[in-house]
Amino acid sequence: MGKPDAEGHGPADGLPGLPPEWGRVVVPDDASALAAEAAQIRRELRRADGPPRSRALGLPLLVLLVAVLTTLTGLVAVTWPRASRSDRPTPAPYSPPATLAGRALPALDLVDASQAPVPLRGLLPAMIILLDGCPCPDRVGDALAAAPAGVSVVTVSGGRTAPAPPTNRPQVRALADPAGGLRSFLGQPARPGVATALLVDRAGTVTLVLPDLGSVDTYRGELTALGS
């Protein structure tokens, strides 16, 4: 039997410094003497919602997970707009080639369906329709119907093969522009779904540029004037 400590809190052979209401606490020499108490504690832990250690670790792990997700979200928000701007540059607004009006049509040789060269200036006066962006058969048909006698309607496709003429009328010519000279003269790339047209008088001067061939009413007057 041990002796009480200096403050009278417990025997000397117990654990010093423990609250007096715990009573006498003695550490046995053989740990197997605590087997019954250990088994009881394990049963109590199994009946609980979860192991105390798991509950103790759960909150720090949750805080760490939230911090990681917040950091990743911030990085995506900072880097994503820059990647979008670099991957998809904003195209410059389309500017109609209005400055071509009054300029001379260059002496270009295109090719017909048999690959024979055809001097473009030899078909003037003419309405020249570039179809490398859109076949647009309805728009071409309207231009053919509105063209006066003596004015050629020339359809120009990109590549080396000219399609068959849309009609057997002699004033209609279907040509190809394998070198891209006419498109280069316009200074504007082909746009999907858009046909571009030029009206050129018999002297070879461009009188009107139609960046987007629309209704025939927008160019009927100028087209009629080519036959004068």
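The values are calculated or read from the model by the stated rules, or taken from the named source; none is laboratory data. Computed from a prediction, not measured in an experiment: that's the story for all the values here. Neighbour counts are summed over all protein chains in view; Cβ atoms, including those assigned to glycine, are modelled from backbone coordinates with ideal geometry. Heads up: the accessible areas ignore ligands, DNA and RNA and are worked out on the full protein's heavy atoms, side chains in. Shrake-Rupley method; radii C 1.70, N 1.55, O 1.52, S 1.80 Å.
Gain in length, Val216 to Ala116, computed as 0.36 nm per residue apart minus the alpha-carbon separation, to one decimal in nm? Working shown, then result.
Working: separation 100, 0.36 × 100 = 36.00 nm, distance 3.11 nm.
Full-extension gain reported as 32.9 nm.
Once you have the Cα-Cα distance between Ala101 and Ala146, take 0.36 nm times their residue separation minus that, and quote the gain in nm to one decimal. Working shown, then result.
Details: separation 45, 0.36 × 45 = 16.20 nm, distance 2.10 nm.
Contour length minus Cα-Cα distance gives 14.1 nm.
Given +1 on the Cβ of Lys and Arg, -1 on the Cβ of Asp and Glu, and no further charges, what dipole in debye does segment 125-228 carry about its Cα centre, rounded to the nearest 20?
240
Any idea how far apart Thr224 and Ser184 come out in nm if each label point goes 7 Å out from Cα toward Cβ?
My value for the distance between the label points is 3.8 nm.
Roughly how many Å² of Asp138 are accessible to a 1.4 Å probe, to the nearest 10?
120
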